[in-house]
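We did not get these values from a lab; they are worked out from the coordinates using the rules stated. As the structure is a computational prediction, the values presented were derived from the model and not from experiment. For neighbour counting, all protein chains shown are included, and Cβ atoms are generated from backbone atoms with ideal geometry for every residue, glycine included.
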Amino acid sequence: MTKRARENTLNRSVIIIGRNSLQNKLLTSLIEERTGYTSLIRSVDDLAGLPASANALTLLDVGHSATKDVVAHLQALAACGSCCNVALINVRGSITLLQVASWPGVKGVFFREASRENLLKGIKSILDGEYWLPRKLLSAHLEEIRMRPRSPAPEVAALTPKE
């Protein structure tokens, strides 16, 4: 690993917004151990002072939240202006790509059943500037689009050779 890559890794951080549960504590330990990124847990009521850096990722734990609460939490994160990168974790299967696209700052989604390896790979990808969306979510959106009735294409007027 180059010196610049090592410095970039050392400056990266992951903030889990959610309950101070055993699951989130284990997740912070896993992130620190496997990536070298600083990791901490914050309550949704304690958003002040979050880092405003492209090297920080906020993981919003939505496992126990209704959709309207998720929207409120995302709006609160956007209002504090300090979160550039946001990903949702512990997402239930009822989410749609249109919802994700409409939510401010969301660059990644991790379903409850995501593996540790997939989660870590996604975290690194988001901090590298990419989006991380599950294939299940993208496939459902593609199928929805394909099922919509399409208006017939307007007929193209026959052109003469000169035209």
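The figures follow:
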read-out: Under-5 Å amide H pairs with Val14, H placed in peptide plane, nonlocal only; value: Thr38, Ser39, Leu40, Leu57
read-out: Filter on Lys107/Lys136; Lys68/Lys107; Lys25/Lys121; Lys25/Lys136 - keep pairs with C-alpha separation over 21 Å; value: Lys25/Lys136
read-out: Ranked packing of 11-18, 40-47, most packed first, by mean Cβ within 10 Å; value: 11-18, 40-47
read-out: Cα-Cα P(r), the stretch 20-110, percent of pairs per 10 Å interval; value: 15, 52, 31, 2
read-out: Cβ-defined net charge surrounding Arg116, 15 Å radius [Lys, Arg +1; Asp, Glu -1]; value: +1
